[in-house]
Amino acid sequence: METTPGMPSAGIWGVGRAVPARVLTNADLEAMVDTTDEWIRTRTGIERRHIAAPDEAASDLAYRASRQALENADVAAEEVDLVIVATVTPDMLFPATACLLADRLGANKPAAFDLEAGCTGFVYAITVAEKMVASGAYRRALVVGSEILTRITDWEDRATCVLFGDAAGAAVVGPCRAGTGILSHVLGSDGAGGDVLNMPAGGSRMGTSEETVRDRLHYIHMSGSDVFKFAVRAMGNSATESTQRAGLDRDDIDLYIPHQANHRIITASAKRLGLPLDRVVMNIQEYGNTSSASIPLALAEAWEDGRVAAGDNILLVGFGAGLTWGATVLRWLDDGDRR
Ligand SMILES: CC(C)(COP(=O)(O)OP(=O)(O)OC[C@H]1O[C@@H](n2cnc3c(N)ncnc32)[C@H](O)[C@@H]1OP(=O)(O)O)[C@@H](O)C(=O)NCCC(=O)NCCS
C-alpha cells in the first residue's frame, strides 16, 4: 500500500538504540562449541555479539533505546499516546512489554501492545504506527524492536548459537507533511514455512514440562539453508515492490537498511536490487542477528554516523519467522516537515 498523495502522513522524528555491555567474540564461542572464528566470519559475517546480563530483560534495553529516541525527537514521554514493542523475547508472555515500558518511561496511559512478526517485527510495527498516526487517531507513537535472543539460544547447538545477539532500537513516529515520512510499505507472510524457524515449546501447543526442557524445545530451532533461500527472494521482491509503490526507482534509494542476519544474504539482496554496497548499512559484524532490533539499531547507528540526511530515501527490509517479510520506504524528515 502506498500513502495517498495529499493525505496527512507520518514519519520518524527521532531514533535511539541500546546494546548490552558484555561482548561475546567468535574466539569465546570456539571454547564453547565445535566451531571456528573463520567459519563464522566467512559463512555469516559475524565477529562478535553483545549479550545481556542475567538480570537484563527486553524492557530494560527498550527503555534505554526509547529514552534516546525521545530525546533525539525532542518529545516528552508524557506526550506519547501509542507504544508498540516488536519482540519475540518479551519480558514475560504477558503482560505486554509495551505496557511495562510505557509505565517506566512515564507515558500518560497510552495505547500499548506487543507485536510479534519474527525478525520483521519492526517493519510491521512502524507500518501500524504510521497508519494510526496518519489517521489522526494518535499523535506521538513510540515504536521499539527489543530482543534478548540469547535467553532462547541453545548454547550447545553450533548451527544457531553463533548467530544471535541482544539489542534494542527505537523510533518516535509523528505526523509530517504529505510526501515526506513513510511513503510506502509491503507486508506479507507464509505460515506454511512456520516450521523452518520456531521455538516449539512454552506456548499453548506444547506447554512447559520436564520433557520439553529435557528435549531442548524452549530454544530457537532453525533450518538455516531454507531460511537463507527464502530470505534472498523475499527481500528482493518486497524491496522492489515497496520502492515502486513509493514512486521511486532504485537509483533514488540513498540508503538500504536490511535485516542483519547474514552478510551473504545482505550482499545478495543488494546485488539483486542493483544497489552499490556503499549505500547499504551493515553492522552484523558487531551485533549478530538481533531480530526485531536489527533494523532500528542499524538505522540509529547510521543516523549517529551522519549517513542519514533530510530528504534521503531510506529503504528498510526485513524477513523472519512466520515466515514473514516486509519493506518500507521513508523520506527522512527535515524539522520543518513535522506537523
Ligand atoms: C545458518 C547459516 C549461516 C549456515 O550456512 P550454510 O552455508 O547454509 O551452511 P549449512 O547449514 O549448509 O552447513 C554447512 C556445514 O557447516 C556446518 N556448521 C553449521 N554451523 C557451524 C558452525 N557454527 N561452525 C562450524 N560448522 C558449522 C554444518 O554442520 C554443515 O556441515 P556438514 O556439511 O558436514 O553437514 C546460513 O544458512 C544462514 O545464515 N541462514 C539464514 C539464517 C537466518 O537468517 N536466520 C534468522 C532469520 S531471521
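General observations
- Helix axis angle, 121-134 relative to the chain longest principal axis, alpha carbon, degrees: 20
- Relative contact order, percent, the stretch 288-339 [alpha-carbon distance under 8 Å, six or more residues apart]: 31
- Per-selection Kirkwood Rh - the stretch 160-230 (Cα, Å, 1 d.p.): 16.2
- The stretch 174-281: trypsin sites (Lys or Arg not before Pro) in DSSP coil with no more than 16 other Cβ atoms inside 10 Å: 177, 205, 216
- With one equal scatterer per alpha carbon and no solvent term, the Debye-computed log10 I(q)/I(0) for the stretch 133-276 at 0.19 1/Å reads -1.28.
- Solvent-free Debye scattering, log10 I(q)/I(0), computed from the Cα coordinates of the chain at q = 0.11, 0.12, 0.14, 0.15 Å⁻¹: -0.65, -0.78, -1.07, -1.23
- Distance in nm between pseudo-label sites at residue 53 and residue 285 (7 Å out along the Cβ direction from Cα): 2.9
- Residue 252-residue 335 FRET efficiency (beta carbon distance; Förster radius 25 Å; 0.05 resolution): 0.65
- Net charge of neighbours whose Cβ lies under 12 Å from the Cβ of residue 87, counting Lys and Arg as +1 and Asp and Glu as -1: -4
- In nm, spacing of pseudo-spin labels at residue 192 and residue 34 (7 Å Cα→C-beta vector): 3.5
- Average Cα contact separation per residue, the chain, under 8 Å, 6 or more apart, as relative contact order %: 26
- Once the Cα atoms are used to define both axes, helix 58-73 deviates from the longest principal axis of the chain by about 20 degrees.
- Stretchable slack from residue 271 to residue 213, in nm (0.36 nm times residue separation minus alpha-carbon distance): 16.7 nm
Each value in this text was obtained by applying a stated rule to the coordinates, not by laboratory testing. Keep in mind the model is a prediction, meaning the values are calculated, not measured. In this analysis, Cβ positions are derived from the backbone assuming ideal geometry, glycine residues included, and neighbour counts consider all displayed protein chains.
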